[in-house]
Amino acid sequence: MQKSIRVLIADDSSLARGLLRAILEEESDIEVVGEARHGREAVEMTQLLRPDIVTMDLNMPVMDGMQAISEIMHQKAAPILVVSNESDAEKAYEALRLGALEVISKPDYTPEQAADFVEKVRLLAGVPVITYIRRRMVAEPAPVFATPAITLPTPLLRGYRRVVAIASSTGGPQALASLLPKLPSGFPAPILIAQHISDGFAEGMAQWLNSLCQLPVKVAEEGDMLQPGHIYVSPSESHLTLTAAHRLALIPRKAADIYRPSCDQLLSSVARHCGADAIGMILTGMGRDGAAGMLAIRKAGGVTLAQDEASSVIYGMNQEAVHTGGVLKLLPLDQIVTEVLDILSLNAADYCDAVSRGER
């Protein structure tokens, strides 16, 4: 007999708790084992009940969700899904630094939102968090890199030669928060990001990342002209792509689209319009999105990197990209920035040759 997923719901609103319980109890493989009315109860019930996953509101009395997450991850770590209002988006992403795995908007009675919530609960309940999250919580200042001396082969009309495109999903915000602050202020390439995200949360994530980074971070807008040293985050409601004129284009999302936003559409457009000057990167996440786009960059002569299994919350998208042959080099998360800075000092062909010879 299949073991049920045991869920603890933490929310000060009895209406919200009732809705989440009703959604979850529709599923035969999910059991709600408790309801906490505030953060202190959430900490105590997590220790007592040992749920497979905790759904955590942020604004609660006695102890708020942020404090509760910190306490749980230090005492009896459990997978935590932040269930928050869009108005708390930036605060919700800060909760990821404390150990929460994912952020999702509070679902309503629509089948789509209910299904998305249930899918996240099922996915995250199986993620091991005890040693992995504790290791991440060690407070270490992000290293500041001096801007490297990068020799570019030819004069640049646009002010840059290379374009970096990043794909990520579950665990991606934490990975981005580790990776992006290490980029130096003189970073010579634009960075485009497709991060699977709930509707309404892209702006909060961009503001959160902007507060951590030396480089400016913004949500991409239709027609934006790329600038070196700028980071562009795709909204969830559209798919971010690059045009031949190196402007950003937002493709409206269709009802049948599984991933929001699409990593494949971003990576494939960068492959098409940047060729060997594309640097593709795929981080932690569930599913296959991004594998085809990474392969497109590789076939176009660009450089492709993937986060390795040991440093990933979920080794899914990056594993698929490896299996399809779209990854040139697999690296721990904390080595990726150094590698990218090295790549920028070489042309793609020389770098790829060095990797194939085992010299890098």
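The values are calculated or read from the model by the stated rules, or taken from the named source; none is laboratory data. Since this is a predicted model, take the numbers as computed values, not measurements. Don't worry about glycine lacking a Cβ; one is built from the backbone with ideal geometry, like all the others, and counts go over all protein chains shown. Just so you know, the surface numbers come from the protein's heavy atoms only, side chains and all, with ligands and any DNA or RNA stripped out. Shrake-Rupley method; radii C 1.70, N 1.55, O 1.52, S 1.80 Å.
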_Single residue of Ser198, Ser238 found to be hydroxyl-bearing (Ser, Thr, Tyr) and either in contact (Cβ under 8 Å) with a residue 40 or more places away in the chain or farther than 18 Å from Ser268 by Cα (or both)_ = Ser198
*Can you tell me which residues in the stretch 296-308 are part of a loop (DSSP other than H, G, I, E, B), open to solvent by 10 Å² or more (accessible area, probe 1.4 Å) and either in contact (Cβ under 8 Å) with a residue 60 or more places away in the chain or of a type outside the set (A, V, I, L, M, F, W, C) (or both)?*
Gly301, Asp308
*Just give me the residues in the stretch 238-268 being in a loop (DSSP other than H, G, I, E, B), more than 18 Å from Ile166 (Cβ to Cβ) and not basic (Lys, Arg), in sequence order.*
Thr243, Ala244, Ala245, Ala255, Ala256, Asp257, Ile258
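Okay, residues lined up against (1) surrounded by 18 or more Cβ atoms within 10 Å (Cβ to Cβ); (2) closer than 28 Å to Leu124 by Cα:
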site	(1), (2)
Leu209	yes, yes
Gly229	yes, no
Lys254	no, yes
Arg260	yes, yes
Leu266	yes, yes
Val270	yes, no
Thr284	yes, yes
Met294	yes, yes
Ala310	no, yes
*Within the stretch 344-354, how many residues turn out to be aliphatic (A, V, I, L, M) and loosely packed, with under 14 Cβ neighbours inside 10 Å?*
2
*Kindly check whether there is at least one residue in the stretch 11-25 that is assigned to a strand (DSSP E or B) and free of Cβ contacts under 8 Å to residues at least 60 places away in the same chain.*
no
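Every residue, every condition in (1) under 22 Å from Ala177 (Cα atoms); (2) touching a residue at least 60 places away in the same chain (Cβ under 8 Å); (3) in a helix (DSSP H, G or I), yes or no:
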| site | (1), (2), (3) |
| --- | --- |
| Glu44 | no, no, yes |
| His74 | yes, yes, yes |
| Ala92 | yes, yes, yes |
| Ile104 | yes, yes, no |
*Taking into account only those residues within the stretch 165-186 that are of a type outside the set (S, T, N, Q) and touching a Phe, Trp or Tyr at 6+ places or on another chain (Cβ under 9 Å), which is surrounded by the most Cβ atoms within 10 Å (Cβ to Cβ)?*
Pro173
_Residues of the stretch 60-84 satisfying the condition of being polar (S, T, N, Q) and farther than 14 Å from Leu20 by Cβ_ = Gln67, Ser70, Gln75
*Lone unmet requirement of (1) over 24 Å from Ser234 (Cα atoms); (2) charged (D, E, K, R); (3) not in a loop (DSSP other than H, G, I, E, B) for Arg360*: (3)
*What is the one condition in (1) among the hydrophobic types (A, V, I, L, M, F, W, C); (2) buried (at least 16 other Cβ atoms within 10 Å of the Cβ); (3) within 17 Å of Val83 (Cα to Cα) that Ile5 does not satisfy?*
(3)
*Residue check: is Leu341 within 28 Å of Pro184 (Cβ to Cβ), without any contact (Cβ under 8 Å) to a residue 60 or more places away in the chain, of a type in the set (A, V, I, L, M) and surrounded by 17 or more Cβ atoms within 10 Å (Cβ to Cβ)?*
no
*asked:* If Leu81 satisfies all but one of (1) out of contact with any His (no Cβ under 9 Å at 6 or more places or on another chain); (2) open to solvent by less than 10 Å² (accessible area, probe 1.4 Å); (3) at pLDDT below 95; (4) closer than 20 Å to Ile197 by Cβ, what's the number of the condition it fails?
replied: (3)
*When only residues in the stretch 315-330 that are open to solvent by less than 40 Å² (accessible area, probe 1.4 Å) and either in contact with an Asp or Glu (Cβ under 6 Å, 6 or more places away or on another chain) or assigned to a helix (DSSP H, G or I) (or both) count, which is farthest from Leu124 (Cα to Cα)?*
Ala321
*Give me the pairs: first residue in the stretch 109-138 and over 15 Å from Arg21 (Cα atoms), second residue open to solvent by 80 Å² or more (accessible area, probe 1.4 Å) and modelled with pLDDT of 70 or more, beta-carbon distance under 7 Å, and six or more apart or on different chains, which are they?*
Leu123/Met286
